[in-house]
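Report on the following structure.
The values are calculated or read from the model by the stated rules, or taken from the named source; none is laboratory data. Note that the structure is predicted; figures quoted are calculated from it, not measured. Because the Cβ atoms are built from the backbone with ideal geometry, glycine has one as well, and the counts that use them run over all protein chains shown.
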Amino acid sequence: MSQRRGEIQVFSVSFLDVLSCALGGVLLLLLLNMQSSEQTITTESRLRQRAERDRNNAEDAKRKAESEREVADRRRREAEAERDEAKGELATLTGFSVPLTLVFQINWDKQADIDLWIKDPTTAQNSYVYWNNPKSKIGYLMRDEIEAKDRQWEIYFAVDEKPGVYEVYAHYFSGDSGPTTVTLQSVLYPGQQRIQRQQDVVAILPKGKGQPGQLLAKFELKQVGTGYTLTRIRN
């Protein structure tokens with residue numbers, strides 16, 4: 001007697017389990033891929049925002065640097081123009097075109113023989129630059145003014161920056177005009193920096209005072225970095 005064969009099951013429970021697991025894996029991979037894509041988009045967006053911010057900051061810094069450079073160039077041109085004008089005026093006045101660095105000039109208001117005496121950092125203890133000793137290691141007296149009627153001034157100029165104390169005197173040598181008003185001006189040409197002018201020092205100069213005369217002012221020349229400053233010292 002023959003046996004009956006059972007019916008063939010195309011979709012068994014085990015196959016369904018395998019199929020379900022495979023589908024779940026595919027769905028999981030899709031979810032992971034979507035999450036990774038979202039993270040990638042977020043990261044790229046952040047990177048673009050950061051790059052845009054950095055570019056804007058760089059452009060702002062560039063504009064600021066250009067503005068500062070323009071200001072510096074304008075100041076340099078103004079300083080050069082001022083220095084050239086002052087040196088031109090001084091060259092016209094003195095006839096010297098040497099590279100002056102420091103100038104002391106006195107003017108007076110009456111016909112008299114007033115002498116400029118300078119003690120600079122290179123002169124000896126009791127030595128001065130004046131009409132009978134018109135130069136030191138760094139400075140010169142331009143000329144000795146003797147009762148001039150039209151050009152009542154004398155000038156000391158230095159051709160080298162020498163830090164230290166400078167004493168400026170005026171001696172009333174001769175004249176019949178009585179006390180005379182003397183004005184002292186100082187000008188510093190510190191290389192490529194702006195010209196430094198000191199305010200005028202005005203003094204009433206009496207007759208009969210012995211040499212070196214009346215102390216008008218003391219100045220101290222200091223080196224600051226690559227430049228120099230001239231400061232008046234209180235008497």
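Assorted remarks:
- Residue within segment 90-103 that is surrounded by 13 or more Cβ atoms within 10 Å (Cβ to Cβ) and modelled with pLDDT of 85 or more present: yes
- Exclusive hit being out of contact with any helix residue (DSSP H, G or I) (no Cβ under 6 Å at 6 or more places or on another chain), at pLDDT below 90, within 29 Å of Lys222 (Cα to Cα) and not in a loop (DSSP other than H, G, I, E, B), set Glu161, Glu154: Glu154
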